[in-house]
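Only one structure is covered here, and it is reproduced in the block below.
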Amino acid sequence: MNAMNVWGDPKDGLKIRRFEPRDFSEAVDLDSEAGGGHDPYLLTFFYENYPTTFLVAEADGRIAGMVLGFRQSPLEGRIFWLAVRSGRQGQGVGRRLMTELLEIFRRLAVVSVILEVRVTNKRAQTLYLDLGFEIFTTAKNYYPDGEGAIIMRRSL
């Protein structure tokens with residue numbers, strides 16, 4: 001991690017950095033666009049309580065994606081929410097966010113990371129499998145709309 005908490009790739013102009021208060025409005029819009037429907041207070045909560053593991057991907061001065069994670073126990077990290085703008089999906093934004101977050105978890109001495117994903121979200125499932133996550137279990141009626149979830153885990 002560099003001194004400014006920004007990680008970039010000059011080839012694609014995408015910068016991965018920590019969430020900042022100036023990102024709030026765009027992050028709320030992205031959450032809505034991605035179907036999260038989270039209370040905007042949740043973003044403030046993550047910023048105040050887990051600033052190290054709340055990352056955004058910025059391209060051309062706009063938020064292209066975000067990932068919210070936290071250490072839920074001394075040895076286990078949790079990916080709470082990954083969202084990528086529809087126009088940026090399939091371009092590696094989610095992979096870059098996840099890769100950086102996993103590296104941060106490693107530096108925090110986390111030994112495993114857990115996440116859940118909708119049963120119908122095949123694109124995200126493929127990404128997580130590619131990143132080394134394995135299916136741990138499933139949960140019926142996990143989401144408010146009744147859809148089930150696949151719980152995935154990865155050792156670091």
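The values are calculated or read from the model by the stated rules, or taken from the named source; none is laboratory data. These figures come from a predicted structure and were not determined experimentally. Here the Cβ is made from the backbone with ideal geometry for all residues, glycine too, and neighbour counts use every protein chain on show. Keep in mind that these areas ignore ligands, DNA and RNA; they rest on the heavy atoms of the full protein, side chains included. Shrake-Rupley method; radii C 1.70, N 1.55, O 1.52, S 1.80 Å.
For the chain, the solvent-accessible area with a 1.4 angstrom probe is 53 square angstrom per residue. Using a simple spin-label model with pseudo-atoms 7 Å out from Cα toward Cβ, Ala109 and Arg22 lie 3.5 nm apart.
Heavy atoms only, probe 1.4 Å: what % of the accessible area of the chain goes to carbon and sulfur, would you let me know?
Numbers: 4300 of 8220 Å².
Carbon and sulfur together cover 52 percent of it.
Phi angles across the range 133-140 convert, under the Karplus curve 6.51 cos²θ - 1.76 cosθ + 1.60 with θ = phi - 60°, into 3J(HN,Hα) values of 6, 10, 5, 9, 6, 10, 9, 6 Hz, Gly and Pro given as x. A cut-off of 5 Å between modelled amide H atoms, ignoring neighbours fewer than 5 places along the same chain, links Gln72 with Gly77, Arg78. Adding -39500 (n - 2.57) for every DSSP H run of four residues or longer, then dividing by how many residues the chain holds, sets the calculated 222 nm ellipticity at -8500 deg cm²/dmol.
Enumerate the helices in the chain for which the Kyte-Doolittle hydropathy averages -1.0 or more and the C-alpha atoms extend at least 20 Å along the helix's axis, using complete DSSP H runs.
Details: long enough: 93-107 (22 Å, -0.09).
TM-like helix candidates: 93-107.
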